[in-house]
Amino acid sequence: MKRSMTMTYTNIDWNSVWKVLYEKNTECRGTGECASLWASREKARTFLAQSRQSPERIGYVLDSLPLEAGSTVLDVGAGPGTLAVPLSRRVARVTAVEPAAGMADVMTEYAGEEGVSNLDIVRKRWEEIDPATDLDGPYDLVIASYSLGMPDIRAAIEKMCEASSRWVYLFWFAGATAWEQAMVDLWPKLHGKEFRFGPKADVLFNVLYSMEIYPHVETIRREHVRRFPDLDAAVDEFREQYRATSPAQEKILREYLSAILSTNGDGLMHSGMMTRMKLWWEVDGCR
């Protein structure tokens with residue numbers, strides 16, 4: 001009996017499990033490509049400002065990477081440059097892959113403000129990238145920090161291994177995030193159905209394991225905080241994310257946020273503990 005159970009477990013196609021969970025979450029949320037959500041520069045600037053309000057999280061990620069002055073780094077799904085710009089100050093060269101127009105534009109602005117000149121931005125989806133023609137690799141380090149919203153995660157990881165000459169570092173979520181918990185609470189009221197989660201770090205680990213990649217793993221538990229000047233700003237921030245398109249839905253959202261947001265000086269704050277995971281390995285483990 002034990003042997004049969006083991007064989008069943010090892011024969012699971014974990015990449016298909018990832019795809020199914022990804023598609024169910026995408027269908028539930030009614031969203032298309034992640035890049036389409038960040039076409040607006042204004043939203044990208046807000047995202048960057050919120051990220052920079054947690055310098056300890058950014059510092060933790062940077063300090064946990066094997067960086068040297070002569071290192072070359074590839075940042076997959078770099079967003080507005082939250083990591084790519086400060087990384088550029090520590091290493092010889094950074095390439096950032098970011099398909100969302102708003103995010104890439106704001107990253108360019110951010111790099112200019114910080115006087116960074118060793119950052120190249122490739123405006124493509126990772127799935128569309130050809131490492132041989134689109135990138136100037138291989139890189140000493142490839143990172144993907146909370147940017148694994150890709151349906152075929154195995155193919156994405158294989159390409160990361162191809163682009164790296166030494167290390168690959170992935171950061172992803174374990175368990176419900178602070179904003180997903182709100183979706184669990186709100187989805188039945190807003191849309192008449194249960195919220196469906198996307199794939200988490202457990203599936204990611206098993207995809208790696210099925211690829212004969214046995215990564216180092218570290219669990220990170222940290223508070224996630226978002227600040228808003230007032231309730232209207234919070235509603236504006238969450239309206240599209242929670243698909244509150246009608247007056248009735250916006251009323252539900254407003255009442256919910258009014259109940260869960262706490263006062264923070266002159267503004268409001270939403271906070272919650274989140275569990276994340278860091279998985280990393282040397283590329284010899286995936287070749």
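Each reported figure results from applying straightforward, stated rules to the coordinates on display, with no laboratory input. If you're wondering where the values come from, they're calculated on a predicted model, not measured in any experiment. In this analysis, Cβ positions are derived from the backbone assuming ideal geometry, glycine residues included, and neighbour counts consider all displayed protein chains.
Just checking the listed ones, SER271, SER88, SER145: in the Gaussian network model of the chain with Cα springs under 10 Å, the one fluctuating most is SER271.
Normalised by residue number, the volume inside the convex hull of the Cα atoms of the range 169-287 is 118 Å³ per residue. Applying a DSSP loop filter and a limit of 11 other Cβ atoms within 10 Å to the GluC sites (Glu not before Pro) in the range 176-273 leaves GLU194, GLU212.
I need the calculated FRET efficiency for the pair ASP284 and THR263, taking r as the beta carbon distance and R₀ as 45 Å, to the nearest 0.05. Display every interim value, and only then the final one.
On the way: r = 52 Å, r/R0 = 1.16.
Step by step, r from the Cβ atoms, then E = 0.30.
Largest GNM mean-square fluctuation among THR133, THR72, THR275, using the chain with Cα springs under 10 Å: THR133. Amide hydrogen proximity for SER164: with H placed 1.01 Å from N in the peptide plane, the residues at 5 or more positions away or on another chain lying under 5 Å are TYR139. Calculated FRET efficiency, GLU56 to ALA92, Cβ-Cβ distance, R0 = 25 Å: about 0.45 to the nearest 0.05. What residue among ALA92, ALA111, ALA259 shows peak mean-square fluctuation when the chain is described by a Gaussian network model with Cα springs under 10 Å? Fluctuation is largest for ALA259. Using the Cα coordinates of the range 207-277, the gyration tensor eigenvalues translate into equivalent-ellipsoid semi-axes of 34, 18, 8 Å, sorted from longest to shortest.
Using a/c under 1.5 as the rounded threshold, could you call the range 40-185 rounded, prolate or oblate? The axes a ≥ b ≥ c are square roots of the C-alpha gyration tensor eigenvalues, and prolate needs a/b larger than b/c, oblate otherwise. Let's see the in-between values first.
Values: a/c = 1.40, a/b = 1.16, b/c = 1.21.
Here the range 40-185 falls in the rounded category.
Any of LYS43/LYS251; LYS24/LYS200; LYS19/LYS43; LYS19/LYS124; LYS24/LYS124 with alpha carbons more than 18 Å apart? Name them for me. If you can, show how the numbers build up before the last one.
Numbers: LYS43/LYS251 22 Å; LYS24/LYS200 13 Å; LYS19/LYS43 28 Å; LYS19/LYS124 21 Å; LYS24/LYS124 24 Å.
Cα-Cα > 18 Å for LYS43/LYS251; LYS19/LYS43; LYS19/LYS124; LYS24/LYS124; rest within.
Relative contact order of the range 150-271: 24 percent, from C-alpha pairs under 8 Å at least 6 residues apart in sequence.
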